[in-house]
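Data first, discussion second: the structure below is written as C-alpha cells.
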Amino acid sequence: EMSPEERDFQAKIDAETKIEPKNWMPEGYRKTLIRQISQHAHSEIVGMLPEGNWVTRAPTLKRKLQLMAKIQDEAGHGLYLYSAMETLGADRDEEIQKLHDGKAKYSSIFNYPTLNWADMGAVGWLVDGAAIVNQVVLQRTSYGPYSRAMVRICKEESFHQRQGYQILLDMMREGTQEQKDMVQDAINRLWWPALMMFGPHDDDSPNSQQSMAWKIKRKSNDELRQMFIDQTIPQLEYLGCTVPDPDLKWNEERGHYDFGEINWKEFYDVLKGDGPCNRERIATRRKAIEEGAWVREAAVAYAAKQKQRAAA
Ligand code: FAQ
C-alpha cells in the first residue's frame, strides 16, 4: 500500500516530471543521488590532476590556454555538481572529507598517469567522449537540479572532446613519426580504462535496476559502453590509429561493433584504491585543501566583517 507521498512521487516519475529539492522523495532515492552526484563531482575535481600535469609543458601558448580553459571548466563542473548534491541535504565538507579519507569513489579513469603530450589529446577525445555519452543521457535524469547541471556540462564537454581530437589529428597529420607513435601509445594505454568508465556489466551492477526504475539512470552501463564504441571507432579510423583489442570488429547482424572482454580484476583493483595513481591523487587533493585553508579562512572573516558593517 503506497502512501499519498509515494503515489505522488511515482506519478511524477511516470509522467517524466522532474523531482525538485522540496518534493517528497524516498530515502533510497535521495541516498542514491547523493552517492552518484558526489562521485561525479569528485571525478571532476580529481580529473583536473592528470591534465594539470601538462599545463607547464604544453607545446604552444594556444595549447596551454585551451588546456587551462578545459581544466577550469572541470573545476566549475565539480562545484556545480556539489551544489546539486547539497540540494539533497548532503554536506559538502563531509563528502569532500570522505574523498580525502579514501572512502569515496570517483571515476577509475583518473587513477591512470598521463605520460606524454598525446595523452592530453587522448583524454579529451576518449575520456570526455565517454563522459559525454553518459552525460547526454543524464540530461533526462529524473532529479531536476542534476538534470539541469548536465545540460550545461554537456555543452562544455563537447568543446573538450573536440580540442582533444584536434590535438591528435594535428599530431597524426603533421607530426613526426615519434609524435605519431606517441598518439598510438596514448590510445593503447587509455582505451581499456575509458571503456571501464561505464561501470561493471549490467548483470554485475548492483545499483542499476533500482536507478533505472527511478529514472536516475536512463540507459544501462553496457548500452552506453556500446554506444561509445560505435561512435568512436570511425573517429579512430579517421585518425589512422588502432585500439589494443584483437576482438574488435563490426558485426553486420547486430549493427554494432563486437569487442573483447574488459579486465575486470584491474577495474576492481582501481576501485579498491590500488590503481597506478590512486594514492598520489588523494595526496595531491589533501595538500591542495590544506594549503588553501588560509584563503577559505580569510573569505569567511571578510564575509563576517562585511555583515557586521552592514548591520552597523
Ligand atoms: N569508476 O552499480 P554500479 C568526468 C562504482 S566523467 C569508479 O553500476 P552506478 C568528466 C559505482 O559508483 C566521470 N567507480 O553503479 C571529465 C558503484 O559504487 P558504490 C564521472 C565506479 O552508480 C573528463 C559500484 O561501482 N562521471 O569526470 C565506476 O549505478 C575529463 C557499482 O557500480 C560520472 O560519474 C568507475 N568507472 O553506475 C573530467 C557519471 N563504475 O557507491 C576531467 C555519473 C562503477 O555502489 C577530465 N555516474 N563504479 O560502491 C554514473 O552514471 C554512474 O554512477 C556510473 C556507475 C555509470 C558511473
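Quick note: the coordinates plus some simple rules give every number you see, no bench work behind them. Bear in mind the structure is a predicted one, so any value in this text is a computation, not a measurement. Every residue, glycine as well, gets a Cβ built from its backbone with ideal geometry; the counts of neighbours run over all protein chains shown.
For ARG254 and GLN209, a Förster radius of 35 Å and the Cβ-Cβ distance give a FRET efficiency of 0.90, rounded to the nearest 0.05.
Volume per residue for the chain equals 167 cubic angstrom (convex hull of Cα atoms). Using the empirical formula 2.2 N^0.38 Å as the baseline, the Cα radius of gyration of region 247-308 reaches a ratio of 2.26. Applying 1/(1 + (r/R0)^6) with R0 = 45 Å to the Cβ-Cβ distance of GLU27 and ILE233, what FRET efficiency is obtained, to the nearest 0.05? Efficiency computed from Cβ-Cβ geometry: 0.60. A run of the chain free of exposed loop cleavage sites, with GluC sites (Glu not before Pro) counted only in DSSP states other than H, G, I, E and B and at most 13 other beta carbons within 10 Å, reaches its longest extent at 17-251. Listed by chain and number, the lysines placed with their C-alpha closer than 20 angstrom to that of LYS70 are LYS62, LYS155; residues fewer than eight positions away on the same chain are left out.
For LYS98, a cut-off of 17 angstrom between C-alpha atoms picks up these lysines, skipping any fewer than 8 places away in its own chain: LYS31, LYS272, LYS287.
Here is the list for region 192-288: trypsin sites (Lys or Arg not before Pro) lying in DSSP coil, each with at most 11 other C-beta atoms within 10 angstrom of its C-beta, are ARG254. A crude spin-label estimate for the pair VAL151 and ARG7, with each label 7 Å from Cα along the Cβ direction, gives 3.2 nm.
To make sure I understand the rule: partners must be aspartates and glutamates, Cα under 12 Å from the Cα of LYS249, and not fewer than 8 residues away in the same chain. Which ones qualify? Candidates past the 8-residue exclusion: ASP230, ASP258. Using the Cβ-Cβ distance between ASP269 and LYS103 with R0 = 22 Å, the FRET efficiency computed as 1/(1 + (r/R0)^6) comes to roughly 0.80.
Each Lys and Arg adds +1 at its Cβ and each Asp and Glu adds -1 at its Cβ; summed about the Cα centre, the chain shows a dipole of about 1420 debye. Site pair ASP202 and ARG140 shows an inter-label distance of 1.5 nm when each label is modelled 7 Å from Cα along Cα→Cβ.
If you take every residue apart from MET171 with its C-beta less than 12 Å away from the C-beta of MET171, what net charge results, scoring Lys and Arg +1 and Asp and Glu -1? My count for the surroundings of MET171 gives -3. If you model region 1-132 as an ellipsoid using its alpha carbon gyration tensor, with each semi-axis the square root of five times an eigenvalue, the axes come out at 37, 16, 12 Å, biggest first.
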